[in-house]
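Have a look at the structure below, then the notes.
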C-alpha cells in the first residue's frame, strides 16, 4: 500500500480550507491531515483538530495561540507567530495555500524553494510574487496546482494541448451582485450589499473583490504568472450563470471550455487527485436545469477596479503588486467602515499614480513596499472622512 502523503492546510478555517477538509474525508487512503493553520480563529481550529487529529496546529495571532494552548485540549504541537505558516510546511508533501493577502507569500516562496508541491487558492501570493515567483517556479520545477475555479478551469482546458497554440484565454466572471446596477447605485453600495454574491459562497474579502471586479483583475494577473502567458491574450467575459468557469481558444479557432456546478469542492478535488479525477466529490451540473447561458463584455466605467488592474498589468510586475496591496488595504478599510465601496477604486488609482513601476529584485523589497502601500492607503482614506 502506498504511503499516505502529509497535507498541510493554510487557512483551514476559511471557505477553501473547510471545503478541502470535506474533500479529504473521501481521500483518507491518499492523504494524512498533518497540519492545520489559521490566523486567529482558535476555537474553530480546536474543533477541526478534534475531528481530524492533525500533528500540528498553527496560529499567526500569538494571543489566540495562547488561548488554544490553554483551552483547546490539543495534545500535539502548536506553532505561533509570523513564521508559523512557514514552519508548519516543513514536513509536508503537499500544502494547500488559502490564506488572504500578503500573508500567503512567505509560505508560498518557502514551498517553492523546498520543492514542496502547492495547491494554490491564494491568488495574491502569485500576484505579489510576480516575475520573481514565476522564475522560482521555473528554476525549481515545484508543482503548483490551481484551486481557484477559473484558474483551475484554464488548467483543465490546457491539458493535452500545446501552450504555443493558445490564441486566447477567456476568463469568465459572474459580474457579482452589482452587475446590473446603475453607476449611481454602485457608488452608494453598502458592505452588506457587497457581500451578497449571487452564485458563490466565499470568504468576505474575495466576495467584496468580486463585487468590485478587482478579483477578476487579480485573476488576470494570476493567470499571466501561473501559465507564463502574455496578458494580451487574456480576455474577461462576464457570464452571470457561472456555469462556464473559463475557456481557451486555440489557433485553429476551436474553444475548449470547462463547465461545472458552483461547488468549490470540484476544483479542489481535481488539484488533490491530479491527474486523476475523484468520483462523486461535489455537486453535478445538470445542463437541462442550467438553461440558457449568457456572455457580456465588462463595463469598465461601472467597475473601474478592473480597468485599473489592466493598467497595472501593462506597467509590469511591480505595479501589479501595488494594485494588489492597495486593494487589500482598501477592502480592509471598507470592511471596517472607514471608507465607502466606491473609494476602494479611488485608493487603488491614487496608489498606482504615486508608486514607481521600477522592477522589484527580491521578496524582501516586496514585503517592504507592501507596508508602504498600506500606510499610504490609510492616509488617502482620511480624505474621505
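Across all directions, the average flat footprint of the convex hull enclosing the Cα atoms of region 5-146 is 7.5 nm². Remark: C-alpha extents of region 155-250 on the principal axes read 45, 22, 21 Å, sorted largest to smallest. Taking Cα pairs under 8 Å and at least six residues apart, what relative contact order does the chain come out at, in percent? Averaging sequence separation for qualifying contacts and normalising by length gives 15 percent for the chain. Looking at the chain, the DSSP beta bridges with both ends there are about 25 percent antiparallel. If you take the square roots of the eigenvalues of the alpha-carbon gyration tensor of the chain and sort them as a ≥ b ≥ c, do you get rounded (a/c under 1.5), prolate (a/b over b/c) or oblate? The shape class here is rounded. What the Cβ-Cβ distance of residue 367 and residue 294 gives, at R0 = 56 Å and to the nearest 0.05, is a FRET efficiency of 0.85. Rounded, prolate or oblate: which fits region 282-385, taking a ≥ b ≥ c as square roots of the Cα gyration tensor eigenvalues, rounded meaning a/c under 1.5, else prolate when a/b beats b/c? Prolate. The Cα trace of region 250-340 gives Rg and Dmax of 19.0, 51 Å, the first to one decimal, the second as a whole number. Note on the chain: with a GNM built from Cα contacts shorter than 10 Å, the maximum mean-square fluctuation among 193, 165, 320 falls on 165. Packing, as the average of other Cβ atoms within 10 Å across residues, places the peptides 278-286, 336-344, 207-215, 87-95 in the order 207-215, 87-95, 336-344, 278-286, highest first.
Throughout, read-outs are computed from the coordinates displayed, never taken from laboratory work. Every value quoted in this text rests on a predicted model; they were computed, and no experiment measured them. Neighbour counts run over all protein chains shown; Cβ positions are idealised from the backbone, glycine included.
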